[in-house]
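**Q** Quick one: structure below, then a few questions.
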Amino acid sequence: MTVEYAKNALRISHDQEDAEIGSVIESAAADLMTAGVTVTEDEEPLITTAIVFYLRAYFNFEERGERYERDYEKLKALLSHNYDESGDA
């Protein structure tokens, strides 16, 4: 996921937080990988959605960070389960 894609999902138009956004994207990908999910440059839509949820939780998007955190954890569990069963999503 690119920083520009993430900024669009977060409705951020300035460049002041680009480095932090990039770092959070990497953290989200790392968290998914610890759950057994393979994250590549050609992300699948569910992985992209999971990373957006992670970002929105981190930045408390529209003051609903806790909701996005729960949604992220549920989607991560689903993705992890799918990878456990098949080795692929």
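**Q** For a quick check of your reading of the model, give me the residue pairs whose first member lies in segment 1-17 and is among the β-branched types (V, I, T), whose second is part of a helix (DSSP H, G or I) and buried (at least 16 other Cβ atoms within 10 Å of the Cβ), with beta-carbon atoms closer than 6 Å and at least 6 apart or on different chains.
**A** Close Cβ pairs (under 6 Å, with a partner that is part of a helix (DSSP H, G or I) and buried (at least 16 other Cβ atoms within 10 Å of the Cβ)) amount to V3/I21.
**Q** Mind counting the residues in segment 10-59 that are assigned to a helix (DSSP H, G or I) and within 22 Å of L78 (Cα to Cα)?
**A** 25
**Q** Return the pair list, or none, for Cβ contacts closer than 7 Å from residues in segment 59-75 that are of a type in the set (D, E) to residues that are surrounded by 14 or more Cβ atoms within 10 Å (Cβ to Cβ), at least 6 apart or on different chains.
**A** The qualifying pairs are E69/A57; D71/F53.
**Q** Within the set of pairs 6+ apart or on separate chains, which have a first residue in segment 36-52 that is under 22 Å from G65 (Cβ atoms) and touching a residue at least 40 places away in the same chain (Cβ under 8 Å), a second that is assigned to a helix (DSSP H, G or I) and of a type in the set (S, T, Y), and C-beta atoms under 7 Å apart?
**A** The qualifying pairs are V37/S80; V37/Y83.
**Q** Please find, within segment 53-89, the residue that is nearest to A9 (Cα to Cα) out of those that are of a type in the set (D, E, K, R) and modelled with pLDDT under 90.
**A** By that ranking, first place goes to D88.
The values are calculated or read from the model by the stated rules, or taken from the named source; none is laboratory data. Small disclaimer: the values here were computed from a predicted structure and weren't measured. Methodologically, a virtual Cβ is constructed for each residue, glycine included, from the backbone with ideal geometry; neighbour enumeration extends over all protein chains shown.
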